[in-house]
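Following: one structure in C-alpha coordinates, then a few remarks.
The values are calculated or read from the model by the stated rules, or taken from the named source; none is laboratory data. What you see is a predicted model, and the numbers here were worked out from it, not measured in a lab. All Cβ positions, even for glycine, are placed from backbone atoms using ideal geometry, and neighbour counts span all protein chains on display. For accessibility, only protein heavy atoms count, side chains too; no ligands or nucleic acids. Shrake-Rupley method; radii C 1.70, N 1.55, O 1.52, S 1.80 Å.
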Amino acid sequence: MHRQIVLDTETTGLDAAQGDRIVEIGCVELIGRRLTKNNLHLYLNPERDSHPDALRVHGLSSEFLSDKPKFADAAAEFLKYIAGAEVIIHNAPFDVGFLDAELGRAGLPPLASHVDSITDTLLMARQLYPGKRNSLDALCERLGVDNSRRTLHGALLDAELLADVYLALTRGQESLAIDDEQEGEVGSAPQRRVDFSGLKLPVLRASAEELAAHEAVLTVLDKASSGATLWRQAEQNVAAGQGAQL
(Lines give C-alpha, C1' and ligand atoms only; values in the text may rest on other atoms or scores of the structure.)
Protein backbone atom coordinates (compact mmCIF):
# COMPACT_ATOMS: atom_id res chain seq x y z
CA MET A 1 0.00 0.00 0.00
CA HIS A 2 1.50 3.31 -1.16
CA ARG A 3 2.36 5.71 1.67
CA GLN A 4 2.86 9.40 0.99
CA ILE A 5 3.95 12.17 3.36
CA VAL A 6 3.10 15.77 2.51
CA LEU A 7 5.74 17.93 4.19
CA ASP A 8 6.35 21.60 4.88
CA THR A 9 8.87 23.54 6.96
CA GLU A 10 9.20 27.03 8.39
CA THR A 11 12.68 28.52 8.80
CA THR A 12 14.61 31.41 10.32
CA GLY A 13 15.44 32.75 6.86
CA LEU A 14 15.97 31.81 3.24
CA ASP A 15 19.53 30.49 3.12
CA ALA A 16 20.47 27.18 4.75
CA ALA A 17 24.03 27.57 3.47
CA GLN A 18 24.38 30.76 5.54
CA GLY A 19 23.22 29.08 8.74
CA ASP A 20 19.44 29.59 8.66
CA ARG A 21 17.64 26.81 10.54
CA ILE A 22 14.30 25.02 10.64
CA VAL A 23 11.83 26.18 13.29
CA GLU A 24 8.83 24.01 12.40
CA ILE A 25 8.08 20.79 10.50
CA GLY A 26 4.56 19.73 9.51
CA CYS A 27 3.78 16.34 7.95
CA VAL A 28 0.47 14.87 6.76
CA GLU A 29 0.10 11.18 5.88
CA LEU A 30 -1.75 9.84 2.85
CA ILE A 31 -2.33 6.12 2.31
CA GLY A 32 -4.11 5.10 -0.87
CA ARG A 33 -4.73 8.85 -1.54
CA ARG A 34 -6.66 9.15 1.71
CA LEU A 35 -5.82 11.32 4.71
CA THR A 36 -5.17 9.14 7.73
CA LYS A 37 -4.87 11.89 10.41
CA ASN A 38 -1.56 10.28 11.42
CA ASN A 39 0.25 13.62 11.26
CA LEU A 40 3.58 14.78 12.65
CA HIS A 41 4.09 18.33 13.93
CA LEU A 42 7.35 19.55 15.43
CA TYR A 43 8.45 22.94 16.75
CA LEU A 44 12.24 23.20 16.92
CA ASN A 45 14.70 25.43 18.72
CA PRO A 46 16.89 26.87 15.92
CA GLU A 47 19.45 28.28 18.37
CA ARG A 48 19.31 31.61 16.57
CA ASP A 49 16.83 34.40 15.94
CA SER A 50 14.60 34.48 12.88
CA HIS A 51 15.13 37.16 10.26
CA PRO A 52 12.46 39.86 10.67
CA ASP A 53 10.93 38.99 7.28
CA ALA A 54 10.72 35.31 8.23
CA LEU A 55 9.24 36.16 11.61
CA ARG A 56 6.50 38.15 9.90
CA VAL A 57 5.69 35.05 7.81
CA HIS A 58 5.51 32.38 10.54
CA GLY A 59 5.20 34.38 13.77
CA LEU A 60 7.33 31.97 15.83
CA SER A 61 9.39 34.06 18.22
CA SER A 62 12.70 33.06 19.78
CA GLU A 63 11.00 33.12 23.18
CA PHE A 64 8.35 30.63 22.05
CA LEU A 65 10.95 28.31 20.51
CA SER A 66 13.50 28.51 23.32
CA ASP A 67 12.19 25.45 25.21
CA LYS A 68 11.50 23.35 22.11
CA PRO A 69 13.76 20.40 21.15
CA LYS A 70 16.69 20.91 18.83
CA PHE A 71 16.56 19.17 15.47
CA ALA A 72 19.17 16.61 16.51
CA ASP A 73 16.97 15.61 19.46
CA ALA A 74 13.88 15.21 17.24
CA ALA A 75 15.66 13.62 14.26
CA ALA A 76 14.96 10.00 15.23
CA GLU A 77 11.21 10.62 15.54
CA PHE A 78 11.15 12.52 12.24
CA LEU A 79 13.13 9.89 10.32
CA LYS A 80 11.04 7.02 11.68
CA TYR A 81 7.88 8.79 10.56
CA ILE A 82 9.01 9.48 6.97
CA ALA A 83 10.96 6.23 6.45
CA GLY A 84 10.29 4.62 3.07
CA ALA A 85 7.52 7.01 2.04
CA GLU A 86 7.10 9.20 -1.02
CA VAL A 87 7.58 12.74 0.31
CA ILE A 88 5.56 15.50 -1.37
CA ILE A 89 6.83 19.08 -1.01
CA HIS A 90 6.00 22.39 -2.70
CA ASN A 91 9.26 23.86 -4.02
CA ALA A 92 11.14 20.80 -2.80
CA PRO A 93 14.72 22.12 -3.29
CA PHE A 94 14.12 24.73 -0.58
CA ASP A 95 12.83 22.37 2.13
CA VAL A 96 15.17 19.53 1.16
CA GLY A 97 18.14 21.90 1.33
CA PHE A 98 17.24 22.86 4.90
CA LEU A 99 16.51 19.28 5.95
CA ASP A 100 19.78 18.03 4.46
CA ALA A 101 21.66 20.77 6.32
CA GLU A 102 19.99 19.82 9.61
CA LEU A 103 20.62 16.11 9.02
CA GLY A 104 24.24 16.85 8.19
CA ARG A 105 24.71 18.75 11.46
CA ALA A 106 23.33 15.71 13.28
CA GLY A 107 25.75 13.40 11.46
CA LEU A 108 22.98 11.75 9.44
CA PRO A 109 22.61 11.00 5.69
CA PRO A 110 20.53 13.35 3.50
CA LEU A 111 16.76 13.12 3.21
CA ALA A 112 16.72 11.17 -0.07
CA SER A 113 18.45 8.21 1.58
CA HIS A 114 15.61 7.81 4.11
CA VAL A 115 12.60 7.99 1.74
CA ASP A 116 11.33 6.24 -1.36
CA SER A 117 11.14 9.39 -3.51
CA ILE A 118 10.60 13.16 -3.40
CA THR A 119 7.82 14.79 -5.45
CA ASP A 120 7.81 18.55 -6.11
CA THR A 121 4.29 19.91 -6.54
CA LEU A 122 5.65 23.24 -7.78
CA LEU A 123 7.15 21.48 -10.80
CA MET A 124 3.87 19.61 -11.33
CA ALA A 125 1.91 22.87 -11.21
CA ARG A 126 4.27 24.63 -13.62
CA GLN A 127 3.78 21.83 -16.13
CA LEU A 128 0.01 21.99 -15.76
CA TYR A 129 -0.27 25.80 -15.61
CA PRO A 130 2.71 27.28 -17.51
CA GLY A 131 3.08 31.02 -17.17
CA LYS A 132 0.67 31.28 -14.24
CA ARG A 133 1.24 31.94 -10.55
CA ASN A 134 1.75 28.60 -8.83
CA SER A 135 2.28 29.54 -5.20
CA LEU A 136 0.37 27.50 -2.64
CA ASP A 137 -2.17 30.31 -2.20
CA ALA A 138 -2.63 30.64 -5.98
CA LEU A 139 -3.15 26.89 -6.36
CA CYS A 140 -5.65 26.84 -3.50
CA GLU A 141 -7.66 29.55 -5.24
CA ARG A 142 -7.39 27.87 -8.67
CA LEU A 143 -8.32 24.40 -7.41
CA GLY A 144 -11.02 25.41 -4.94
CA VAL A 145 -9.09 24.56 -1.75
CA ASP A 146 -10.21 26.65 1.24
CA ASN A 147 -7.17 28.48 2.66
CA SER A 148 -9.05 31.07 4.70
CA ARG A 149 -7.30 29.87 7.90
CA ARG A 150 -3.88 30.77 6.46
CA THR A 151 -3.36 34.17 8.06
CA LEU A 152 0.20 33.15 8.99
CA HIS A 153 2.30 30.42 7.41
CA GLY A 154 2.30 27.32 9.62
CA ALA A 155 4.03 24.11 8.59
CA LEU A 156 1.21 21.74 9.58
CA LEU A 157 -1.57 23.89 8.11
CA ASP A 158 0.42 24.37 4.90
CA ALA A 159 1.04 20.61 4.67
CA GLU A 160 -2.70 19.99 5.07
CA LEU A 161 -3.48 22.52 2.33
CA LEU A 162 -0.79 21.06 0.10
CA ALA A 163 -2.27 17.58 0.56
CA ASP A 164 -5.61 18.88 -0.77
CA VAL A 165 -3.83 20.67 -3.62
CA TYR A 166 -1.85 17.54 -4.52
CA LEU A 167 -4.99 15.40 -4.61
CA ALA A 168 -6.66 17.97 -6.85
CA LEU A 169 -3.62 18.22 -9.14
CA THR A 170 -3.51 14.44 -9.57
CA ARG A 171 -7.24 13.78 -9.71
CA GLY A 172 -8.03 11.26 -12.43
CA GLN A 173 -4.66 9.53 -12.21
CA GLU A 174 -6.01 6.86 -9.85
CA SER A 175 -6.41 3.43 -11.41
CA LEU A 176 -9.98 2.31 -11.99
CA ALA A 177 -8.94 -1.31 -11.65
CA ILE A 178 -9.89 -3.04 -8.43
CA ASP A 179 -7.35 -5.59 -7.30
CA ASP A 180 -6.46 -7.52 -4.22
CA GLU A 181 -3.96 -4.88 -3.05
CA GLN A 182 -6.83 -2.44 -2.49
CA GLU A 183 -8.51 -4.67 0.05
CA GLY A 184 -8.42 -3.18 3.52
CA GLU A 185 -7.41 0.34 2.40
CA VAL A 186 -7.88 3.07 4.97
CA GLY A 187 -11.48 4.25 4.86
CA SER A 188 -12.65 1.69 2.28
CA ALA A 189 -14.46 -1.63 2.41
CA PRO A 190 -12.73 -4.75 1.06
CA GLN A 191 -13.30 -5.22 -2.66
CA ARG A 192 -13.64 -8.51 -4.54
CA ARG A 193 -12.95 -9.31 -8.20
CA VAL A 194 -15.94 -10.34 -10.30
CA ASP A 195 -15.28 -12.98 -12.96
CA PHE A 196 -17.27 -12.33 -16.15
CA SER A 197 -15.44 -14.93 -18.25
CA GLY A 198 -18.32 -17.43 -18.06
CA LEU A 199 -21.02 -14.88 -18.89
CA LYS A 200 -22.78 -15.48 -22.25
CA LEU A 201 -24.62 -12.51 -23.71
CA PRO A 202 -27.66 -13.16 -25.94
CA VAL A 203 -27.53 -11.88 -29.54
CA LEU A 204 -30.76 -10.16 -30.62
CA ARG A 205 -31.10 -10.13 -34.41
CA ALA A 206 -33.23 -7.62 -36.31
CA SER A 207 -36.58 -8.84 -37.66
CA ALA A 208 -37.51 -8.61 -41.34
CA GLU A 209 -39.68 -5.56 -40.64
CA GLU A 210 -36.83 -3.82 -38.81
CA LEU A 211 -34.39 -4.57 -41.64
CA ALA A 212 -36.87 -3.18 -44.21
CA ALA A 213 -37.32 0.00 -42.16
CA HIS A 214 -33.55 0.35 -41.87
CA GLU A 215 -33.14 0.03 -45.65
CA ALA A 216 -35.80 2.66 -46.20
CA VAL A 217 -33.96 5.14 -43.98
CA LEU A 218 -30.67 4.43 -45.80
CA THR A 219 -32.36 5.05 -49.16
CA VAL A 220 -33.56 8.47 -47.99
CA LEU A 221 -30.09 9.30 -46.68
CA ASP A 222 -28.51 8.15 -49.96
CA LYS A 223 -30.68 10.53 -51.95
CA ALA A 224 -29.98 13.46 -49.60
CA SER A 225 -26.21 12.85 -49.60
CA SER A 226 -25.76 11.85 -53.25
CA GLY A 227 -24.75 8.34 -52.32
CA ALA A 228 -22.38 9.26 -49.44
CA THR A 229 -24.08 7.21 -46.73
CA LEU A 230 -21.29 5.72 -44.64
CA TRP A 231 -23.34 2.66 -43.64
CA ARG A 232 -23.84 1.69 -47.30
CA GLN A 233 -20.14 2.27 -48.02
CA ALA A 234 -19.21 0.00 -45.13
CA GLU A 235 -21.54 -2.73 -46.44
CA GLN A 236 -19.95 -2.46 -49.89
CA ASN A 237 -16.45 -2.71 -48.41
CA VAL A 238 -17.41 -5.82 -46.44
CA ALA A 239 -18.97 -7.39 -49.53
CA ALA A 240 -15.87 -6.61 -51.60
CA GLY A 241 -13.64 -8.15 -48.94
CA GLN A 242 -15.68 -11.33 -48.84
CA GLY A 243 -15.60 -11.55 -52.64
CA ALA A 244 -11.81 -11.22 -52.65
CA GLN A 245 -11.55 -14.11 -50.19
CA LEU A 246 -13.68 -16.28 -52.48
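Quick notes
- Relative to the current alpha-carbon distance between V57 and E235, full extension at 0.36 nm per residue lengthens the span by 56.9 nm.
- When all protein chains stay in place and ligands, DNA and RNA are ignored, the 1.4 Å accessible-area order of M124, M1, largest first, is M1, M124.
- Taking 7 Å steps out from each Cα toward its Cβ at E209 and T151 produces label points 7.6 nm apart.
- Only lysines eight or more places from K68 in sequence, or on another chain, were considered; those with a Cα closer than 22 Å are K80.
- Per-residue SASA entry for H2, accessible area with 1.4 Å probe, Å² rounded to 10: 100 Å²
- Protection proxy ranking of 19-27, 204-212, by the mean of other Cβ atoms within 10 Å over each peptide's residues and highest first, is 19-27, 204-212.
- Long-range amide H partners of V23 with built H, under 5 Å: E10, T11, T12
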